[in-house]
Protein chains: 2
Amino acid sequence: MRTFEEIKTTVETGLGKHICDLKLENVQLVNVFSGEIYPSNIFVKDSRIVSIDPDVKLEAVEVIDGQGAYAIPGFIDAHMHFESTMLSPEALSNEILPHGTTTICADLMEIANVAGAEGLEVMLRSIEDLPYRMIIEVPSRVPTAPGLETTGAILDAHEVAKIMDWPESVSLGELDPSKILFVQEEYLHKVADTLARRKIVNGHAIGRHGQELNVYASSGISDDHECVTIDELTSRLRVGLKVMIREGSTERNVDELISGVLEHNLPTDNLMFCTDDKQVQDIRNEGHINYNVSKAIKLGMEPMTAIKLATINSAKHFRLEDEIGSITPGRLADILLVTDLNKLEPSHVFFEGKLVAQEGALLESCHSSEYPAWILDTVKLKNPITDQSFALPAKGTNKTTKVRVIDLVDKQIINRSASVILAVSNGLIEPSVSEDILKLAVVERYGKTGGVGVAFVRGFGLDKGALAYSMSHDHHNIVVVGTNDADMALAVNTVHEDKGGLSAVCNGEVLARMSLPIGGLMSPLSSDDVMKGVEIMNDAARKLGCTLPSPYMTLSFISLPTVPAMGLTDFGLIDVLQHKLIEVEII
Amino acid sequence: MRTFEEIKTTVETGLGKHICDLKLENVQLVNVFSGEIYPSNIFVKDSRIVSIDPDVKLEAVEVIDGQGAYAIPGFIDAHMHFESTMLSPEALSNEILPHGTTTICADLMEIANVAGAEGLEVMLRSIEDLPYRMIIEVPSRVPTAPGLETTGAILDAHEVAKIMDWPESVSLGELDPSKILFVQEEYLHKVADTLARRKIVNGHAIGRHGQELNVYASSGISDDHECVTIDELTSRLRVGLKVMIREGSTERNVDELISGVLEHNLPTDNLMFCTDDKQVQDIRNEGHINYNVSKAIKLGMEPMTAIKLATINSAKHFRLEDEIGSITPGRLADILLVTDLNKLEPSHVFFEGKLVAQEGALLESCHSSEYPAWILDTVKLKNPITDQSFALPAKGTNKTTKVRVIDLVDKQIINRSASVILAVSNGLIEPSVSEDILKLAVVERYGKTGGVGVAFVRGFGLDKGALAYSMSHDHHNIVVVGTNDADMALAVNTVHEDKGGLSAVCNGEVLARMSLPIGGLMSPLSSDDVMKGVEIMNDAARKLGCTLPSPYMTLSFISLPTVPAMGLTDFGLIDVLQHKLIEVEII
């Protein structure tokens, strides 16, 4: 929000009492308020737009000739988790800014599960000098599965209310419908506290319909970004939820949803764009929010409408239309120049009036933030991890036993519950590598309990070695999959040594490792280095026999205690729909 | 905003744990989020909509058959001053509710000028039990002309910030552009304090264009309700101001603006409807916001679009879309049933789930509020008013002198500055009744200074007697026009005796009087009685020779120190554009 002094400077500059910093002349202004495109000039002072009057003459320190290019507002990603990119905020700027994203609305639930409010503060401080803006959707579920997992921090209703008072906080992050449908009071308090601050509540209405959807919406939810079909989109609008149309790495909803909106001639004033989770490689290859926009235009949406979905609609939704989302007086000067409204690859990107990217690249790479030592040292093991840590004693004395197996489902985040017979040797249940029945374990890594949950998984395809990763949603303990207990222990200990990260080991040797020391989730390296690193890790996994396209991404989601059928935490195996611990062995 | 307990009740009712208060079945739901109209049922509990799912079966205490009528959200008047109606909040309910207005966004600047924050509180308390909602646009100019008038109260930036914290306060009321263009810091503070609370600033960009409009918008203004031409409307949208399209008693903008919007195919997501100032008689004859809507539809606007302008668009603008503006789960159940979308005269009006009006009439007339004694006793004269109070001594010793005259302009609020020669008798300047040059005076009525401003006016046409009124914008001292000083004194003293109101006197006798004791502005009587009373007063004025259509309304606006060319306050005659006191006599 603007201070008195800032408002005064803007006004006085418009009155000619100060010299503008920038005159961006000779542009075709894409005006998302009036729906018009017309020739004009844009005057900027101290990050704010002073005037867009085509006839006014104001002095400016710098004049940039737009050469008739379209000037459109900087794009807004209405919902994303940036920790999943493994990039630090400074590295992310290299990827999203050249594509024109100047504001991200970030649900920082990953770092919050690791480090609570202090973790959010670190992220906010790290972005302070960067040429894009981060707005916070305050994580509503820290932990995601209370009573079933150990997390680094807990954000209870009281803590959430305190964070909600921060100026950067604009909403309560995607609230799980089950919390409402089971009338969990803590979450109703979080909603009430958010609404009382005139902020909004983001939804997450995945797979909900009919009366369940009505009840969910009735609690005060404002939006949903989980629509996959046009029927779902229509049903969300009907109950008063706005819809964020998502195009991420795996969840690709623009095609079906935009086609449906056009076909059914649905109103677009309640629609926005988001990415949710998009891998760096995909951002680099395709684009970011500009990809959503240009895809929508290709599908037949008017460019003005598609641009509104990526700008003013999100700004209004988050009640920030006096700050961002349009090129109009008083707003922050986030401006893109594009020569082709169908392509939307900006030739110039201005953030708060400063030219920060040109022709697909940052003008200056962003220097690394100084992270406090503690956030670089969050991976703590209470007890040493050895091969014994993963032993699974059988209950009886038989040579075989029946166990539950988490069965991967191709290209989906959900899994199935299967049962198989496994051998028992020396009283311990053994995996069956030949049948791809491997051990999966989650090791508590906050130094709190030393708990290790062990189960079986099918689908990774390893024929030797083990893979470990300290990003395991949403608790972010260390998850490890392996063919033998010794390699699993080494994989975990390697991640521990690296203060978080990824490891691939085989026969007692570390094949590859990559450190993610920022909260155990993110790398301080450049996006190029991170992309290379991930490729090396995936290659190593493939060498161990893994057939999955993104082995570590699968590993990071397989343990989720909130996605059916089963999850695994440091507490043990979880029946997701029953929300309770279950035995691995079926007796 | 909803409390935790309220949210819990809504959610639990949707889950079948409580019985609904109301099932409104068999309606055609006009869904302003999805833009669709379809058959459904509406379930309500404790003032909130629980579900609009067509298939759900929930128990309800009362079932009302909508008989296939359209169910549309209650209308919102985005900007109005209700004190100008002379009605108390309870009497106003009788007029606006049957026409379907369930929410008014009220800039209470009149009562604020009389009684400050305490006056606003009285109004809020008086509406508490009434079947409509008042949202406050916190008056930005109390007083309107600082240093040039005495008011009952002053709302400085500090005071405004305190009021802005009230839950009912949603915006800073229409801010005068000159305050921005002259960089008056107090007003910039008011803007900054409002934006810091995530609330908006209402504009009043009357007659502003080009760079002035850019500068005005750049200060953080959000809207304008003063557009008269389509060019003005377009220019407001271009600078990022939303537009409230007004249809009041005298300012009738729907025809030109809606026609222009349709002709130029302008986007409608930044448009709303308001009345600003609409007299009771006009509301009764034509309607209220429903009149704006049906007029827009007659001009060719889609009914769904026109209804959005009167409902969800205003709700979003004031950042209340989670509370009002749509018939969707969780929102307050303000619902109108109409059988003809082209007419929009509701057969049933529900406010917060209760049927309150049917077939053009309230079900129960609203009982009168208990007003605190002090708000009924605000008209105080510091000194007795006699004929000497209005004496205007000439400066020289000539038998005639040249004076300035406030010249009324037919059907407009502005006036012209004229000059005439008047006789001087016993050293005092005399009016010239035969030429319609009458004395106009403003008598300070807060018991503070005893000041009396005296000048001349042309256009009332009185040939005898005097008229007085305690509503004189925006300071609301007693304004009086007359042919002779004695009748002027009697007229003022009559208004004083009545603790505010209107009077007409002739030759030492009171012809008619009407008391407005609530702040000296409003009557405690019913709307019928007030309308009758105004007719009697206007008749009396006509008997005195007045030829104006609304003599007292003209009287209430003629003294305004902010509308060119001249104004009159208890300080004296004012040159509006120069914002300074001037002499009546031209020497």
Report summary line: (1) at pLDDT 95 or above; (2) not in a helix (DSSP H, G or I) all hold for A:GLN211 apart from (2)
Report summary line: With criteria (1) more than 13 Å from chain B (Cβ to nearest Cβ); (2) buried (at least 18 other Cβ atoms within 10 Å of the Cβ), A:GLY147 comes up short on (2)
Query raised in the report: Quick one: which of B:GLU59, B:GLU36 is modelled with pLDDT of 95 or more, among the charged types (D, E, K, R) and within 36 Å of the chain's Cα centre (by Cα)?
Result: B:GLU36
Report task. Please state which one of A:ALA489, A:ALA468 is part of a strand (DSSP E or B) and surrounded by 23 or more Cβ atoms within 10 Å (Cβ to Cβ). Result -> A:ALA468
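Looking at this structure, is A:GLU435 modelled with pLDDT of 95 or more, loosely packed, with under 14 Cβ neighbours inside 10 Å and not hydrophobic (A, V, I, L, M, F, W, C)?
Judged against the criteria, A:GLU435 is a match.
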Requested in this report: Please determine, by comparing only the residues of region A:32-41 that are among the polar types (S, T, N, Q) and under 19 Å from A:THR339 (Cα atoms), which one is farthest from the other protein chains (Cβ to nearest Cβ).
Outcome: A:ASN41
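This table checks each residue for (1) in contact with a Leu (Cβ under 7 Å, 6 or more places away or on another chain); (2) more than 18 Å from A:GLY240 (Cβ to Cβ).
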site	(1), (2)
A:ALA157	no, yes
A:ASP165	no, yes
A:GLU168	yes, yes
A:SER171	no, no
A:GLU174	no, no
A:GLU185	no, yes
Query raised in the report: Among the residues of region B:166-186 satisfying the criterion of being at the interface with chain A (Cβ under 10 Å from one of its Cβ atoms) and within 21 Å of the chain's Cα centre (by Cα), which is farthest from B:VAL138 (Cα to Cα)?
Result: B:PRO167
Query raised in the report: Could you say which residue among B:LEU24, B:LEU29 is within 11 Å of chain A (Cβ to nearest Cβ) and either touching a Phe, Trp or Tyr at 6+ places or on another chain (Cβ under 6 Å) or part of a strand (DSSP E or B) (or both)?
Result: B:LEU29
Report summary line: Among the residues of region B:223-264, the number that are within 12 Å of another protein chain (Cβ to nearest Cβ), buried (at least 22 other Cβ atoms within 10 Å of the Cβ) and part of a loop (DSSP other than H, G, I, E, B) is 3
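Would you kindly identify the helices (runs of 4 or more DSSP H) lying entirely within region A:134-202 that contain at least 2 residues that are in contact (Cβ under 8 Å) with a residue 60 or more places away in the chain?
Of the helices (runs of 4 or more DSSP H) lying wholly inside region A:134-202, none has at least 2 residues that are in contact (Cβ under 8 Å) with a residue 60 or more places away in the chain.
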Query raised in the report: Do we find a residue being β-branched (Val, Ile, Thr) and out of contact with any Gly (no Cβ under 6 Å at 6 or more places or on another chain) anywhere in region B:123-134?
Result: yes
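Does A:GLU370 satisfy the criteria of being in contact (Cβ under 8 Å) with a residue 60 or more places away in the chain and away from chain B (no Cβ under 14 Å)?
Against the criterion (in contact (Cβ under 8 Å) with a residue 60 or more places away in the chain and away from chain B (no Cβ under 14 Å)), A:GLU370 does not qualify.
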Requested in this report: Please state which one of A:PRO267, A:PRO329 is assigned to a loop (DSSP other than H, G, I, E, B), within 14 Å of another protein chain (Cβ to nearest Cβ) and surrounded by 22 or more Cβ atoms within 10 Å (Cβ to Cβ).
Outcome: A:PRO329
Query raised in the report: Taking region A:336-358 as the region of interest, how many residues are outside any strand (DSSP E or B) and under 26 Å from the mean Cα position of the chain (by Cα)?
Result: 5
Query raised in the report: Among the candidates B:ARG404, B:ARG319, which residue alone is among the charged types (D, E, K, R), within 14 Å of another protein chain (Cβ to nearest Cβ) and in contact with a strand residue (DSSP E or B) (Cβ under 8 Å, 6 or more places away or on another chain)?
Result: B:ARG319
Requested in this report: Output the number of the condition that B:PHE390 fails; it satisfies all remaining conditions of (1) touching a residue at least 40 places away in the same chain (Cβ under 8 Å); (2) more than 26 Å from the chain's Cα centre (by Cα); (3) over 28 Å from B:ASN313 (Cβ atoms); (4) surrounded by fewer than 21 Cβ atoms within 10 Å (Cβ to Cβ).
Outcome: (4)
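The values are calculated or read from the model by the stated rules, or taken from the named source; none is laboratory data. As the structure is a computational prediction, the values presented were derived from the model and not from experiment. In this analysis, Cβ positions are derived from the backbone assuming ideal geometry, glycine residues included, and neighbour counts consider all displayed protein chains.
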